[in-house]
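**Q** The structure that follows is given in the form of structure tokens.
What follows draws every value from the coordinates through simple rules; no lab data is involved. Since this is a predicted model, take the numbers as computed values, not measurements. Backbone-built Cβ (ideal geometry, glycine too); neighbour counts: all protein chains shown.
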Amino acid sequence: MPGADPILVPCDSKFAGAGWTVIQRRINGSVNFNRTWIEYKNGFGRFRTEFWLGLEKLHLMTKFQPHELYIQLEDFKNEKRYARYSNFSVGNEAQSYELLSVGEYSGNAGNALDTGDENSAKNMKFSTPDQDNDKWNHFNCAADYASGWWFNECLWWLV
């Protein structure tokens with residue numbers, strides 16, 4: 001990242017080839033994801049267990065060049081699904097870390113980030129329990145689901 005200090009990030013080469021930066025890991029609920037805006041901005045948890053890398057790091061990583069996003073999902077029966085997006089980018093804090101782009105979808109988990117309709121997470125601002133940026137007038141999706149995300153109207157994915 002031009003002009004930025006290096007940041008420590010976890011990498012994974014077990015899924016879909018080498019060189020993936022892991023931005024979130026949720027396994028067993030050992031880390032509470034019901035966090036504040038500041039915590040989602042800066043990141044939390046431990047790389048070896050469960051964590052969120054941080055919105056500011058996501059913005060800096062995706063600001064200068066396109067990045068692929070690979071989402072690996074595994075259920076309690078160890079069945080795996082994935083969603084892959086060709087051009088993932090996140091806005092800055094003044095933009096409430098808006099999900100600016102996801103690009104083309106491939107995979108077998110379903111395209112929940114860019115549904116092509118009013119329920120899409122694409123172009124949504126990030127919401128946390130203490131900063132409601134979703135489109136749902138009656139609820140704060142992040143508070144209801146006890147987790148930050150690019151919520152639209154509390155529908156589709158929560159990873």
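**Q** Counting alpha carbon pairs within less than 8 Å and at least 6 residues apart, what relative contact order, in whole percent, applies to the chain?
**A** 16 percent
**Q** Further question: I'd like to know which of 38, 59, 106 lies farthest towards the positive end of the charge dipole of the stretch 10-125, counting +1 on Cβ of Lys and Arg and -1 on Cβ of Asp and Glu.
**A** Farthest along the dipole direction, towards plus: 38.
**Q** When a/c is below 1.5 the answer is rounded, else prolate if a/b is larger than b/c, else oblate, so apply that to the stretch 11-145 with a ≥ b ≥ c taken from the square roots of the Cα gyration tensor eigenvalues.
**A** Judged from the Cα gyration tensor, the stretch 11-145 comes out rounded (a/c under 1.5).
**Q** For a test of understanding, tell me how many lysine pairs in the chain have Cα atoms under 23 Å apart, given they are 8 or more places apart or on different chains.
**A** Lysine pair count for the chain: 14.
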